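Encoded as structure tokens, the structure appears first; notes follow it.
The values are calculated or read from the model by the stated rules, or taken from the named source; none is laboratory data. Not measured: the values here are computed from a predicted model. So basically every Cβ, Gly included, is an ideal-geometry build from the backbone, and we count neighbours across all protein chains shown. Just the protein is used for accessible areas: all its heavy atoms, side chains included, with ligands, DNA and RNA removed. Shrake-Rupley method; radii C 1.70, N 1.55, O 1.52, S 1.80 Å.
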Amino acid sequence: MSYPFVAAGHHGGAQTTIKRLVIHGTVSPAVRGGARGVARYFATTPKQTSAHYVVDPGEIIQCVPDSVIAWHDGTNSNSIGIELCDPVDGPAARWTDSAHVSMLTLASNLVRELAAKHGVPLVRLTPQQIRAGAKGVCGHVDMRDAFPGATTHYDPGPSFPWGAFMHMVQSGAGGV
């Protein structure tokens, strides 16, 4: 798996153990080209923020190598941040439109590939499991709830289709 690379301007040191794949929302629309736009933002912003991957309906862009800490979830280490181009708030029905389904299909394939590469089980983690050091998939919101005060974000948002997404990740099937 090799993806176009646009280097983020801010990141931390080395990480050798990956425990979590953290799903985020960019607060931008689900449009083709959105991932490149977010990657350019990570490359140029003075804000200390980044993610490993950004996904839009047509493309995945890598911004930080897996072996480097990206600044994406408040604790950051031992995790890979995956940003989805989505406004985070809005009607739940958007997740079934063609743009979002395409993006979720790409993202589910990426999560499956990363999980296999890093030995991360294809299970959704609760905040309690995160605190206990379990391995799996979670959202930024779960990191917020696991470590109060480390972050205030609630993405990928209250209407994110976790059940359908995890089914896609586990089965390799597309569609929500």
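For segment 155-169: of the residues being out of contact with any His (no Cβ under 7 Å at 6 or more places or on another chain) and surrounded by 16 or more Cβ atoms within 10 Å (Cβ to Cβ), which is farthest from Ala92 (Cα to Cα)? Give the derivation first.
First, pick out the residues of segment 155-169 that are out of contact with any His (no Cβ under 7 Å at 6 or more places or on another chain): 157-169.
In the following step, the residues that additionally are surrounded by 16 or more Cβ atoms within 10 Å (Cβ to Cβ) were identified as 157, 160-161, 164-166, 168-169.
Numbers: Gly157: 10, Phe160: 7, Pro161: 8, Ala164: 12, Phe165: 13, Met166: 16, Met168: 17, Val169: 19 Å.
This residue is Val169.
For segment 4-38, which residues satisfy the criterion of being among the hydrophobic types (A, V, I, L, M, F, W, C), in a loop (DSSP other than H, G, I, E, B), closer than 13 Å to Ser50 by Cβ and touching a residue at least 60 places away in the same chain (Cβ under 8 Å)?
Ala8, the sole residue that qualifies.
Yes/no per residue for (1) at pLDDT 95 or above; (2) under 22 Å from Val88 (Cα atoms); (3) touching a Lys or Arg at 6+ places or on another chain (Cβ under 9 Å); (4) among the hydrophobic types (A, V, I, L, M, F, W, C):
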{"residue": "Glu113", "(1), (2), (3), (4)": "yes, no, no, no"}
{"residue": "Lys117", "(1), (2), (3), (4)": "yes, no, no, no"}
{"residue": "Leu122", "(1), (2), (3), (4)": "yes, no, yes, yes"}
{"residue": "Pro127", "(1), (2), (3), (4)": "yes, yes, yes, no"}
{"residue": "Lys135", "(1), (2), (3), (4)": "yes, no, yes, no"}
{"residue": "Asp142", "(1), (2), (3), (4)": "yes, yes, yes, no"}
{"residue": "Pro148", "(1), (2), (3), (4)": "yes, yes, no, no"}
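Going by the conditions given, is Leu106 outside any strand (DSSP E or B) and under 14 Å from the mean Cα position of the chain (by Cα)?
It is true that Leu106 is outside any strand (DSSP E or B) and under 14 Å from the mean Cα position of the chain (by Cα).
Could you list, ordered by first residue, the pairs with Cβ atoms under 6 Å in which the first is in segment 148-176 and without any contact (Cβ under 8 Å) to a residue 60 or more places away in the chain and the second is part of a loop (DSSP other than H, G, I, E, B) and of a type outside the set (S, T, N, Q), at least 6 apart or interchain?
So the pair list comes out as Gln170/Leu122.
Criterion first (out of contact with any helix residue (DSSP H, G or I) (no Cβ under 9 Å at 6 or more places or on another chain) and of a type outside the set (Lys, Arg)) does Pro91 satisfy it?
Judged against the criteria, Pro91 is a match.
Among what's in segment 109-129 and is aliphatic (A, V, I, L, M) and not in a helix (DSSP H, G or I), pick the residue that is surrounded by the most Cβ atoms within 10 Å (Cβ to Cβ). Step through it out loud before you land on a result.
Looking only at segment 109-129, we keep the residues that are aliphatic (A, V, I, L, M), and these are 110-111, 114-116, 120, 122-123, 125.
Next, only the ones that are not in a helix (DSSP H, G or I) stay: 120, 122-123, 125.
Numbers: Val120: 21, Leu122: 16, Val123: 16, Leu125: 24.
Step by step, filter segment 109-129, then rank; the result is Leu125.
Restricting segment 38-58 to residues that are open to solvent by 30 Å² or more (accessible area, probe 1.4 Å) and of a type in the set (D, E, K, R), which is farthest from His11 (Cα to Cα)?
Going through the qualifying residues, I end up with Arg40.
When segment 15-37 is examined, which residues are found to be surrounded by fewer than 24 Cβ atoms within 10 Å (Cβ to Cβ) and touching a Ser or Thr at 6+ places or on another chain (Cβ under 6 Å)?
Residue satisfying the conditions is Gln15 alone.
Any residue in segment 75-96 that is closer than 13 Å to Gly25 by Cα sitting within a Cβ distance under 6 Å of a residue that is among the acidic types (Asp, Glu)? List the pairs, counting only those 6 or more apart or interchain.
Matching pairs, first to second residue: Cys85/Asp56; Val88/Asp155.
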